Amino acid sequence: MTSLLSLLDDPAIDAPSSRRSALGTVGTLGLGAALAAVPFLSPTAARAQGMGPNQVDIDADGDFDACDILNYALTLEYLERSFYRQGLDQSYLGADRPLIETIEADETAHVAVLKGAIESAGGTPVFYRDADFNFGSFLDSRDSFLALAQSLEDTGVRAYKGQAGAILGSPYLTTALQIHSVEGRHAAAIRRVRGQKGWIPGSQADAPVPAVYGAGNGFPAEGNTSHGGVELTTALSGYTAQQISEAFDEGLDMTTVLGIAGGFIQPQES
């Protein structure tokens, strides 16, 4: 993790305010607090998150339908792929075009991987065309496009983290976490293009979709500073609440994430 963070950090940032330093200090609180600070390590909490009309199927033995979770992830990948494809049709990307082309190729690969996993599990993958998504005025300018790109990538990061606990022990966990990692790198790259730090700040009051950074069902907002039952603004000295919240990415539940995605899905014709 240190090497990855060193790639994302501004080289000029090497003071105690850096995310890397904050993470290292948090480690002194002990293994129990560190593990409890990662929401997806609690399968019970993760399985309790509903999908609305696509409810995860949990039977009396506590089993769940992994295909539902994979289709949930696939919906997000279709959303992101369509967004970048529609962005690439615009003329304002300029020097940003190679980055967006790379991200679009990643999202296309994610769609293929998830479809294959669902089919291998005996399920039926959901299907969306690019025309099924409407991003409205977010496609009107470079600034608005990149602002929504940041929010969509952050949604993916929180969504995968929020459900990882539900597939612990399944053959799909590795795939999900690999995609989660790529989504995180996408988000960092978009932030750098926008002249920002490479990680989610504690507050995003100006975000185009505020729900991306707010609290969900069973998950705190991105500004959270309490982990493992420890309020870190009290337990740590020399760090602000902003710096502490930046050291963690929070999970997000399916209902909230699908609500965010639903805002861009066109009504299906009967």
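The values are calculated or read from the model by the stated rules, or taken from the named source; none is laboratory data. As the structure is a computational prediction, the values presented were derived from the model and not from experiment. Here Cβ is always computed from backbone atoms with ideal geometry, including for glycine, and neighbour counts include all displayed protein chains.
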- Output yes when any residue across the range 174-191 is in contact with a strand residue (DSSP E or B) (Cβ under 6 Å, 6 or more places away or on another chain) and within 23 Å of Leu93 (Cβ to Cβ), and no when none is. no
- Message: With the requirement that a residue be surrounded by 18 or more Cβ atoms within 10 Å (Cβ to Cβ) and either in a helix (DSSP H, G or I) or of a type in the set (Gly, Ala, Ser) (or both), what does the range 132-146 give you?
- Response: Phe138, Phe145, Leu146
- Boolean, Glu153 is part of a helix (DSSP H, G or I) and either aromatic (Phe, Trp, Tyr) or without any contact (Cβ under 8 Å) to a residue 40 or more places away in the chain (or both): no
- Task: Output yes when any residue across the range 157-164 is at pLDDT below 90, hydroxyl-bearing (Ser, Thr, Tyr) and either under 30 Å from Gly94 (Cα atoms) or under 14 Å from the mean Cα position of the chain (by Cα) (or both), and no when none is.
- Result: no
- Message: Based on this model, can you work out whether Ala215 counts as among the aliphatic types (A, V, I, L, M), surrounded by fewer than 17 Cβ atoms within 10 Å (Cβ to Cβ), at pLDDT 85 or above and more than 21 Å from Ala109 (Cα to Cα)?
- Response: yes
- What number of residues within the range 165-178 are assigned to a helix (DSSP H, G or I), surrounded by fewer than 22 Cβ atoms within 10 Å (Cβ to Cβ) and either among the aliphatic types (A, V, I, L, M) or touching a helix residue (DSSP H, G or I) at 6+ places or on another chain (Cβ under 9 Å) (or both)? 5
- Residues of the range 210-256 being over 22 Å from the mean Cα position of the chain (by Cα) and among the β-branched types (Val, Ile, Thr), which ones? Val230, Thr233, Thr234, Thr240
- Item | Val126, sole failed condition from (1) over 18 Å from the mean Cα position of the chain (by Cα); (2) in a helix (DSSP H, G or I); (3) surrounded by 15 or more Cβ atoms within 10 Å (Cβ to Cβ) | (2)
- Note on the structure: Among helices (runs of 4 or more DSSP H) entirely inside the range 190-270, those with 2 or more residues being closer than 22 Å to Phe145 by Cβ are 254-262
- Query: From the list Gly94, Gly87, which residue is buried (at least 17 other Cβ atoms within 10 Å of the Cβ), within 28 Å of Gly195 (Cβ to Cβ) and not aliphatic (A, V, I, L, M)?
  - Reply: Gly87
- Note on the structure: The correct count of residues that are out of contact with any Cys (no Cβ under 9 Å at 6 or more places or on another chain), in contact (Cβ under 8 Å) with a residue 40 or more places away in the chain and of a type outside the set (D, E, K, R) in the range 103-126 is 5
- So which of Tyr72, Tyr160 ends up being over 21 Å from Gly198 (Cα atoms), in contact (Cβ under 8 Å) with a residue 40 or more places away in the chain and assigned to a helix (DSSP H, G or I)? Tyr72
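Yes or no, residue by residue, for (1) of a type in the set (S, T, N, Q); (2) within 26 Å of Asp65 (Cα to Cα); (3) buried (at least 19 other Cβ atoms within 10 Å of the Cβ):
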{"position": "Glu153", "(1), (2), (3)": "no, yes, yes"}
{"position": "Gly156", "(1), (2), (3)": "no, yes, yes"}
{"position": "Arg192", "(1), (2), (3)": "no, no, no"}
{"position": "Gly198", "(1), (2), (3)": "no, no, yes"}
{"position": "Glu222", "(1), (2), (3)": "no, no, yes"}
{"position": "Ser237", "(1), (2), (3)": "yes, no, no"}
